[in-house]
Every structure is written in C-alpha cells, then in structure tokens.
Amino acid sequence: MLTVTYTAPQSSSAAPSRPVLAALAALFLVVAAPTLGAQAALSQSTAFRKDPGSTVLATIRAGVTLASGKAQGDWVPVTLEGWIYTASTAKTSRDGFDLFVASAGGENLRAAPNGDVIARFERGALLNALATQGGWTRVRRSGWVSAKALAPAAPVVAQTRAVQPPRPAADTAGPASDRVEALRPTALALAPDGPEMATLQAGTSGQVIGRRGEWVQVQVEGWVRETDLSAPASAALPGVTLAQVRADPAKYVGQLLEWRVQFISLQTADELRPEIPAGARYLLTRGPLPEPGFVYVIVTAQQLPRFEAAAPLQEYTMRGRLRAAQTRYLPTPVLELVQVMDPKGGTP
C-alpha cells in the first residue's frame with residue numbers, strides 16, 4: 001500500500017494551493033485505479049459452473065476469450081457475456097438476477113444478435129440483463145471454469161512495422177496511414193482501370209494503404225449476410241445424425257451441417273417453437289434422410305419464394321447452421337438455411 005502524506009506549509013494560510021491539490025488528486029487517481037481483469041482463452045470446450053465443481057450453467061466453446069480473475073486451486077472465476085434470444089428466457093428476481101433460461105433444450109449465447117455461438121446455457125441458468133435489441137437480450141453471468149481449459153491470452157506488446165520491399169515505380173507514393181471517405185457513390189475496382197467489384201456508398205470510409213497514379217488503394221470493412229455467400233464444402237459437416245446431435249448438443253449447435261431433407265410444407269413460427277423467431281417462416285422437412293425424423297429449417301425473405309413454389313415431398317441437400325438441437329416441446333432440431341445444393345453438390 002502507498003501512503004501519501006501532505007504537510008501544510010507553516011504560514012497563516014493552512015489550505016494547500018490549487019496546483020498542489022490537483023497534483024495530489026492526480027496521484028490518488030493513479031494509485032487508486034483498479035487493476036483490469038486478465039483475459040484468458042479457452043483451449044477446449046468446457047463446462048461453465050456456478051461454483052467450483054458444482055452445477056453446470058453452460059458449455060463454452062473452444063477459442064472464446066473470457067475476462068478472468070485469480071485462480072483458486074484448479075478453478076478460475078470468469079465472466080461470460082453475450083446475446084441470447086429473448087423468447088427463450090423468462091423474468092425472475094431470484095438471487096438478484098433478472099432472467100433465467102426457460103427453453104427446454106437450453107439456449108445459445110452469441111457474440112452478437114444472431115451472431116456466432118460462443119456458449120450454450122442450460123435450462124434454468126440465471127442471468128443478468130444488460131440491454132435489449134429487437135428480439136435479443138445482452139446478458140452477463142459470472143461463474144467458474146477449470147484452469148486446465150484455459151490458455152492465457154497473448155500479452156499486448158509493442159509491435160514494429162515490418163520493412164516492406166521496394167514497390168514498383170508506379171507505386172512510389174507508397175502506403176499512407178490516413179482515412180478517407182467517398183464523396184459520392186463510387187466504384188470499387190479489382191485493380192486500377194480494372195473490372196468493378198462493388199459500389200461504395202457516399203460516406204463510406206476506408207484506410208488508405210497504397211497509391212498508383214491517380215488511383216488510391218483503400219481497405220474497407222463491412223458485413224454481408226451468410227445466406228448470400230457460397231459456403232465451401234469443407235466448412236460443412238456431412239453425415240451428422242440426429243442421435244449425434246442429441247447426444248452432444250454443445251458440439252454441433254452453431255456448426256454448419258449438410259443434410260438431405262424432404263420438403264413437406266411451409267410454416268410460420270409461433271409461441272410453441274420459441275427457438276424460431278416469432279413470425280419467421282420455416283420449412284417442415286423430413287430428415288436428415290434416410291432417418292425418419294423431422295427438421296425445422298428457418299428461411300429468410302430472400303429464400304422464401306423458392307419454397308413457396310416447391311412441391312411437397314421434393315428432396316433437397318441443404319447446408320445450414322444448427323440453431324437448436326431440439327425445440328421446447330419436441331425433439332426436432334432447428335436449422336438456419338445457408339445454402340441449397342444442386343444434385344452435383346454445387347450452388348444452383
């Protein structure tokens with residue numbers, strides 16, 4: 001502990017001057033500032049528990065980075081934070097928490113609304129609500145994980161820019177570190193005077209990383225819907241059975257699966273299937289073939305017209321992300337459609 005002692009000057013004015021007070025205040029802030037919690041990444045999927053060795057609240061996926069505290073024996077306190085589908089929760093005031101997971105099969109915790117799955121909470125897990133966005137709620141829960149599952153996150157260190165080889169004469173201007181904005185809708189080309197690959201809207205900003213004559217090379221970031229992308233075959237898991245999904249939900253929920261299904265009908269989600277956003281359209285299908293079970297397949301507005309004209313009993317090979325291993329009342333998995341394959345395995 002650091003003790004700061006101030007001795008008043010021996011004069012008729014006992015109060016310290018304003019500069020001295022300001023200096024003392026600044027020193028106090030530095031000394032009293034709390035130490036930030038450490039960051040640790042999971043080297044494997046692991047159980048997230050209420051207390052060391054006690055009730056499992058969730059299963060956290062490998063690679064997730066968590067705020068962690070000081071280890072106590074074989075256990076480390078961590079904080080889990082993310083977004084959960086609001087319809088899968090219910091309000092509570094138990095033990096100072098706001099919500100609990102009400103879905104029979106538990107519910108996914110995601111990095112962002114409808115984003116990547118980082119964990120799956122068990123039914124009954126208590127949570128603190130932080131914010132809401134549409135049909136999603138940001139939640140937080142503290143608990144414990146085994147120290148064996150944690151790998152310390154790499155420390156932040158100063159980095160120096162690698163020496164770049166000389167650029168061609170046309171690029172003598174070299175890279176720049178400034179950011180720029182598009183003044184008007186403008187074409188983004190593959191190369192100077194090359195074919196157009198996209199249109200940047202007015203106000204879109206980017207980082208200047210190079211120049212060539214009258215052309216500027218910019219780096220921009222943005223988001224696209226996964227359903228608008230072609231999923232490589234290597235990214236999908238083929239041949240996964242319903243028995244495998246039910247035996248180890250945490251392993252498959254959030255994964256991209258490739259299933260052959262038989263279309264039965266087009267449905268609209270209701271409160272009996274809280275794992276599907278209310279009012280969303282989904283396919284009732286039989287499968288994954290040749291299994292005799294059923295699969296609910298959520299489709300987007302862009303995907304919907306294809307199935308509005310589909311004939312019952314038509315078969316499709318689909319790649320989709322597993323949203324839930326089962327619904328609240330039925331052992332039927334829920335798949336979010338990413339891509340429909342043609343008979344040869346390509347995108348139709």
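Computed from the coordinates by the stated procedures, all read-outs in this text should not be read as laboratory data. In this text, all values refer to a predicted model and were calculated from it rather than measured experimentally. Heads up, the Cβs are rebuilt from the backbone with ideal geometry, glycines too, and the neighbour counts pull from every protein chain shown.
Overview of values
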item: Shape call, the stretch 228-341: gyration tensor on alpha carbons, a/c limit 1.5; result: rounded
item: Distant-in-sequence amide H partners of VAL338 (H built 1.01 Å from N, under 5 Å); result: ARG319, GLY320, ARG321
item: Debye, to nearest 20: dipole size of the stretch 59-130, +1 on Lys, Arg Cβ, -1 on Asp, Glu Cβ; result: 60
item: Under the Karplus curve 6.51 cos²θ - 1.76 cosθ + 1.60, θ = phi - 60°, whole-Hz ³J(HN,Hα) for the stretch 134-150, x wherever Gly or Pro sits; result: x, x, 10, 10, 7, 10, 9, 8, 9, x, 9, 10, 5, 4, 5, 8, 9
item: Residue-wise HN-Hα coupling along the stretch 203-216, computed from phi with Karplus coefficients 6.51, -1.76, 1.60 (Hz; x: Gly, Pro); result: x, 5, 9, x, 9, 6, 10, x, 9, 8, x, 8, 9, 10
item: Eligible aspartates and glutamates near LYS70 by straight Cα distance, threshold 16 Å, same-chain separation 8 or greater; result: ASP51
item: Cα gyration tensor shape for the stretch 71-128, rounded if a/c is under 1.5, else prolate or oblate; result: oblate
item: Cut-off under 5 Å, modelled amide H: who pairs with VAL240 long-range; result: GLU258
